[in-house]
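The numbers here are math on the coordinates, done by the rules we state, and not lab data. Predicted model, so just to flag it, every value in this text is computed and none were measured. Here Cβ is always computed from backbone atoms with ideal geometry, including for glycine, and neighbour counts include all displayed protein chains.
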Amino acid sequence: MRAHYLQHVPYEGLGSIAPWLKSAGYQITATKFYESTSLPSLEQFDLLIILGGPMSVNDDDRFPWLRTEKQFIRQSIESGKAVLGICLGAQLIASALGESVYPNRRKEIGWFPIEGIPSQQKTTFRFAPSVEVFHWHGDTFDLPEGAVLLARSEACENQAFQLGQNVIGLQFHLETTPESAQALVTHCREELSPLKFVQPEAVILDQAPDKYQAINDLMAKLLHFLSPKATISR
């Protein structure tokens, strides 16, 4: 099995996804747009992971490769690949499928709960009725046509969605580790304004290890949902 990920800035990497992919036996390749815009052919991967970043999906003039990336994402979805988009990645999925991405009424940065939305469909991923996760986002999006809303929060209605059986977009970061949280704070500290859904740096970083373990375990569950044939080595 082969996984390819799209990375937009050096400080937003795979986090807990990397060890899961390795334990599942995936060969891992990447396009790091801050270094190169070279993309693989669709035949070269089975799972596509689209990471976060501080730019907007609408910043095509500043980052011309966004146009190419969105086209690549759309082609990947249309070809039936398993696709996971995280934060900017979820917004890129929505934009690639023709939906609008725009500033949310509130920024959401820090540890806040999401509300899982029950679905009658047996093929959708299910979140718990309430689970606290890590956020760092200011934009939101319209749901792609045919997508099922999986989660919402007080600050943001469209927190997670699923399209078909193999495409999931998350506004929040289940892959976050203590190291990646610190990296985000270090590089994006100017965004920590005193707002209702923006926590201070000390609150963001002063979390027990089991808080990170809980979201990383949830990410592992989601990855296994997208990769049902994966066999995890212990």
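For the range 59-82, how many residues meet the condition of being in contact (Cβ under 8 Å) with a residue 60 or more places away in the chain and farther than 17 Å from H8 by Cβ?
4
Which of the following residues is within 17 Å of R106 (Cβ to Cβ), in contact with a strand residue (DSSP E or B) (Cβ under 9 Å, 6 or more places away or on another chain) and surrounded by fewer than 21 Cβ atoms within 10 Å (Cβ to Cβ): F197, F172?
The unique qualifying residue is F197.
Within the range 129-147, identify whether any single residue is among the hydroxyl-bearing types (S, T, Y), more than 27 Å from C188 (Cβ to Cβ) and loosely packed, with under 14 Cβ neighbours inside 10 Å, and answer yes or no.
Taking every residue of the range 129-147 in turn, none turns out to be among the hydroxyl-bearing types (S, T, Y), more than 27 Å from C188 (Cβ to Cβ) and loosely packed, with under 14 Cβ neighbours inside 10 Å.
For the range 176-199, which residues satisfy the criterion of being touching a residue at least 12 places away in the same chain (Cβ under 8 Å), farther than 19 Å from L14 by Cα and either not aliphatic (A, V, I, L, M) or not in a loop (DSSP other than H, G, I, E, B) (or both)?
Answer for the range 176-199, where residues must be touching a residue at least 12 places away in the same chain (Cβ under 8 Å), farther than 19 Å from L14 by Cα and either not aliphatic (A, V, I, L, M) or not in a loop (DSSP other than H, G, I, E, B) (or both): R189, E191, S193, L195, K196, F197, V198, Q199.
Among the residues of the range 106-126, what is the count of those that are under 24 Å from E12 (Cα atoms) and out of contact with any helix residue (DSSP H, G or I) (no Cβ under 8 Å at 6 or more places or on another chain)?
Selection size over the range 106-126: 5.
Checking the conditions here, which among Y34, Y26, Y5 is crowded, with 20+ Cβ neighbours inside 10 Å and either over 17 Å from the mean Cα position of the chain (by Cα) or over 26 Å from C188 (Cβ atoms) (or both)?
Details: Y34 fails: crowded, with 20+ Cβ neighbours inside 10 Å; Y5 fails: either over 17 Å from the mean Cα position of the chain (by Cα) or over 26 Å from C188 (Cβ atoms) (or both).
When all the criteria are applied, what remains is Y26.
Counting just the residues of the range 94-116 that are crowded, with 21+ Cβ neighbours inside 10 Å and touching a Pro at 6+ places or on another chain (Cβ under 6 Å), which one comes out nearest to E154 (Cα to Cα)?
Residue satisfying both the conditions and the ranking: A94.
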